[in-house]
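The values are calculated or read from the model by the stated rules, or taken from the named source; none is laboratory data. Just so it is clear, the structure is predicted and the values come from calculations on it, not from any experiment. Here the Cβ positions follow ideal geometry from the backbone for every residue, glycine too, while neighbour counts run over all protein chains shown. Side chains included, ligands, DNA and RNA excluded: accessible areas come from the protein's heavy atoms. Shrake-Rupley method; radii C 1.70, N 1.55, O 1.52, S 1.80 Å.
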Amino acid sequence: VVPACVLLALMLLAPALSAPQERGLIFNLETGELCMQSIQCKSGCCHRVSGLSLARCAPKAAEFQECSPENLYKVYYKCPCESGLTCDADKTIVGSITNSNFGVCKDPR
């Protein structure tokens, strides 16, 4: 006998696993959809406005926009930079703890 929670999880994962190029219930989420981690979003950024807000998929930061360096939790107050750009920010542990590690996306060249 399969527990109900396992059966429900399989039912939810099946559409996402069977068609990876299409939007699923858990992965390949579009901008504006609710998320829990950045890996769920097509853009690669799960963004929240405040500690009390729900996180939603958002586009990565473009050049000269505010950004956060990549972090362990993969939920951001400012999205990381687009591919090829670097986030010039405070990357110390203090910046991470105080949530002040924001910077600006720059082209490293």
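Annotations
- Residue match in the stretch 56-71 (condition: within 19 Å of residue 101 (Cα to Cα), of a type in the set (Ser, Thr, Tyr) and in contact with a strand residue (DSSP E or B) (Cβ under 9 Å, 6 or more places away or on another chain)): yes
- Scan of the stretch 73-101 for residues that are in contact with a helix residue (DSSP H, G or I) (Cβ under 9 Å, 6 or more places away or on another chain), surrounded by fewer than 17 Cβ atoms within 10 Å (Cβ to Cβ) and more than 23 Å from residue 28 (Cβ to Cβ), ordered by number: 90, 100
- Pick from the stretch 43-64, criterion in contact with a Lys or Arg (Cβ under 8 Å, 6 or more places away or on another chain) and open to solvent by 30 Å² or more (accessible area, probe 1.4 Å), ranking: farthest from residue 109 (Cα to Cα): 54
- Scanning the stretch 25-39 for residues that are open to solvent by 30 Å² or more (accessible area, probe 1.4 Å) and over 14 Å from residue 80 (Cβ atoms) yields 25, 26, 27, 28, 30, 31, 32, 33, 34, 36.
- Within the stretch 75-109, the set of residues being modelled with pLDDT of 90 or more, closer than 22 Å to residue 36 by Cα and either part of a loop (DSSP other than H, G, I, E, B) or not hydrophobic (A, V, I, L, M, F, W, C) (or both) comprises 75, 76, 77, 78, 79, 80, 82, 83, 102.
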